[in-house]
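Here the structure is laid out as structure tokens; the discussion comes afterwards.
The values are calculated or read from the model by the stated rules, or taken from the named source; none is laboratory data. Values in this document were obtained by computation on a predicted structure and should not be read as measured data. FYI the Cβ positions are ideal-geometry reconstructions off the backbone, even for glycines, and counts take in every protein chain you see.
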Amino acid sequence: MDIPERTARDTMGEMTIPAGALWGASTQRAVENFPVSGQPVPHEVIAAHAMLKWAAATANEETGVVAADVAAAIRTAADEIIAGDHPDQFPVDVFQTGSGTSTNMNLNEVIANLAKLRLGEDLSSARVHPNDHVNASQSSNDTFPTSVHLAVAIAADAVLLPALRRLAAALRRKADEFADVVKSGRTHLMDATPVTLGQEFGGYARQIELGVERVERALTSVHELALGGTAVGTGLNCPPGFVDRVIALLRERTGLPLLEAADHFEAQGARDALVDVSGALRTVAVSLIKVSNDVRWMASGPRTGLYELQLPEIQPGSSIMPGKVNPVIPESVRQVAAQVIGNDAATAIGGLSGELELNVMIPLMARNVLESERLLAAVSDVFVERCLDGAVATDQGPLLVERSLMQVTALVPEIGYERAAALAKTAHQQGLTLREAALADGVDAGLLDRVLDYRRMTEGGML
């Protein structure tokens, strides 16, 4: 699209717009005002905001606020943006005006100019106005939080939750595969009574399954949309029926259970829903640290570590030590989890920074929550495909369980705690197995045969 350098005007005066740019004066001011991070507003928010403008054009047409041909041109322009066209037309830094006004105006101006071109108009034409037509019946203060909620909900539904479910399913498969692999349990990193490797992986699967449930619960408040509050929550300049129609169109297009906020002052003055969903993502991250770190421990070695698991060998582990292979995927998982926890901390600060009728930390919160969703989804799939699916149990777990002394716990009901403790200490000091020490102490061999059944110990109860 050949667009020469030109001059555009807003209420503060004229601005020179670079060649090829479809935005207007307000966007150009924001580009010059916020040369901060080089990171634009997340593409998910841009697409969601365009979807909102698409639906608003229909509602405004039906209420007589915008002419039919203008509304149609706005919808066409919005659809192109939703499809990922014109990605270079949204340059405003994410660390911008805290209400997202700069991004709202960026979308308004680009959509207006695309609509003008579709109608055969020059970009200087007033046929489609960014405020009077594209932004009709709306304010940045209700549309931007609406779009952020929409983007977060879409990303969760389409990307994050499916990835977490795949991870949980992979862990369940491993739990079944390892169901009969008996190994030593460990508490405080010290030997404990026997477990199965399958029981451990079943616990990991449940952690992720509960994480999915937590995210789903948090999304119920994200599905409430601020649209309709306009400037301060009162709904000034929003015609009757506009909000219901827009949200109905968004529900139909996304398949999400979207609804109008129960209270528009809450919906614009606070961002608690984003804090809530970020907290759920943080909990998932904490779970992933536990799971990936346990996998690292169990795969440690192979000669001087636990080596109860063999992970896929996917790359050399050292530039100096030949033959070394490291658990790089669990390391990646833990780094992602740390970033998500950091994102949550910043999101919480954003949430507590609402003043009176508006929160002005929304772009930061959107950036962090969406990045957390993307990172968790991506690393969950990597964890499954590059690590868990190819992990196998070694013989080391069953071998080590024979050497452990904590099976003595099963003897306590038969010989008492103090005698059992003395047996464990004697066995350790003299380098004996527990069975050898017990026989030397006069414990009946038949009793030992019945009680020292390691697989049975994993099932609980009295032996």
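A few comments on the model shown:
- Residue in the stretch 90-104 that is over 28 Å from the mean Cα position of the chain (by Cα) and not acidic (Asp, Glu) present: no
- Helices (runs of 4 or more DSSP H) lying entirely in the stretch 381-463 (those with 2 or more residues that are surrounded by 13 or more Cβ atoms within 10 Å (Cβ to Cβ), touching a residue at least 60 places away in the same chain (Cβ under 8 Å) and on the phi < 0 side of the Ramachandran plot): 396-403, 454-457
- Within the stretch 246-268, being surrounded by fewer than 20 Cβ atoms within 10 Å (Cβ to Cβ) and more than 28 Å from Val159 (Cβ to Cβ) holds for Asp263, Phe265.
- Whenever a residue of the stretch 280-299 is surrounded by fewer than 19 Cβ atoms within 10 Å (Cβ to Cβ), its partners that are in a helix (DSSP H, G or I) and of a type in the set (Asp, Glu), lying with C-beta atoms within less than 9 angstrom and at least six residues away or across chains, give the pairs Asp294/Glu200.
- Scanning the stretch 1-42 for residues that are among the β-branched types (Val, Ile, Thr) and assigned to a loop (DSSP other than H, G, I, E, B) returns Ile3, Thr11, Val36, Val41.
- Matching residues, the stretch 366-386, being more than 14 Å from Gln39 (Cβ to Cβ) and out of contact with any Asp or Glu (no Cβ under 9 Å at 6 or more places or on another chain): Leu375, Leu376, Ala377, Ala378, Val379, Ser380, Asp381, Val382, Phe383, Val384, Glu385, Arg386
- Only listed residue being in a helix (DSSP H, G or I) and buried (at least 17 other Cβ atoms within 10 Å of the Cβ), chosen from Thr103, Thr97: Thr103
- Residue within the stretch 315-330 that is modelled with pLDDT of 95 or more, closer than 18 Å to Ala170 by Cβ and outside any helix (DSSP H, G or I) present: yes
- The number of residues in the stretch 222-244 being part of a helix (DSSP H, G or I) and surrounded by 17 or more Cβ atoms within 10 Å (Cβ to Cβ) comes to 3.
- Scanning the stretch 279-316 for residues being among the aliphatic types (A, V, I, L, M), in contact with an Asp or Glu (Cβ under 7 Å, 6 or more places away or on another chain) and under 23 Å from Leu161 (Cα atoms) gives a total of 1.
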